[in-house]
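Input: a single structure, listed below in structure tokens.
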Amino acid sequence: MIRDRNAARHFLMRLGLGFVMCWFAVQELRTPSDWTVFVPSFVTDVSPVAVDQLVLLHGFLLLLAATSVVLGVFYLPGCLLASGLILEILFGLWWDDGINDVVVRDLGLLALAVALAIDPVRSWQLDNLLPTLFATKSPGRALGDLAAARRSAWQLRAGAGAGLLALVLTTGLALYAMGSGGESLPEGSVAALTNAGTPAPQASPRASTGPAATPAQPPSIRFDDWRYKQYAFQIYPGEVGPEAKKALAGFQLNLQDHGDNVVVLLKATSPRYKDAQYTVDKRDTAYFIETTLRDDPNDRENNLRDDGVIEVDPQGYIVNS
């Protein structure tokens, strides 16, 4: 009876950890852009690949660790991978935000992953079943040769591991294909924000010229025909409406009058991203672009690649930034 209780406790711990890791893996694989804000700043600064790709890799590893722990295929490496991933998450959260409630929560998950790695119970695991299956499927082998069968069972374990890896890759690719993250903003006509912060303050091509001047590059995109118009929220001139305030989640808007120009300041409310500044001609209209509000829970911006600012002239054309 005690033995069965230990086995049940061991398996319940595996299910709990596997469920949490699998849930986050699914979210990262379906909408990687929503999770780029959680990539530590010191990683985004030096990464040779796009941050979205790092999130996808992280999601694959989470899913691999979760399935390995729950199914018991290469169980100990799976526990060590889970522990390493959680430790990496903890370090990243601490590096950017210090100690907070999320860090404290994940400390409990780390303790659970380490406990599973050192737990002497090894019940209901495929790693234990494979040698038995190998022995029973080998004609002429006696039960006394079980030890030899265990030594030879690495072939089955390798096959099971390869199958698990293929399953995880297939599942991950399917989740990514079915994902529905916000659209990234196009280059050129939108001064998009990035996780690494904005470059030098963006200025309208007409902002520093005289009243009769024309843009250095004539505008060619009509705002009414722009595919992202439905995601545009007016922030100048006039009062900022409630929908625009929702779109501005993660930023505090401040407009400064500079004579012929207006400086649009977006003050970041989190150290995970930086302030942005744009100079807009007073004759024009400024819009904040947010292609999805789903990535901004609790007034927090989780994806800067679908956020930006555009400027529209009185003739209804987008002024290239």
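Things to note:
- Calculated FRET efficiency for the pair F19/L129, C-beta based, R₀ 30 Å, to 0.05: 0.85
- Separation of the R5 and I99 label points, Cα + 7 Å toward Cβ, nm: 3.5
- Cβ charges +1 (Lys, Arg) and -1 (Asp, Glu), total dipole of region 31-108, debye: 300
- The ranking of C79, C22 by Cβ neighbour count inside 10 Å, starting from the fewest, reads C22, C79.
- A full extension of the chain between A50 and L107 corresponds to an added length of 17.7 nm, given 0.36 nm per residue minus the alpha carbon distance.
- Amide N of region 82-121 lying under 12 Å from the label point, which is placed 7 angstrom from the Cα of V43 along Cα→Cβ: 85-96
- Residue order, fewest to most beta carbons within 10 Å, for D224, D281: D224, D281
No lab work stands behind these numbers, since they all come straight from the coordinates. The model shown is predicted, which means the values in this text are computed figures rather than measured ones. Reconstructed Cβ throughout: ideal geometry from the backbone, glycine too, with neighbour counts over all protein chains shown.
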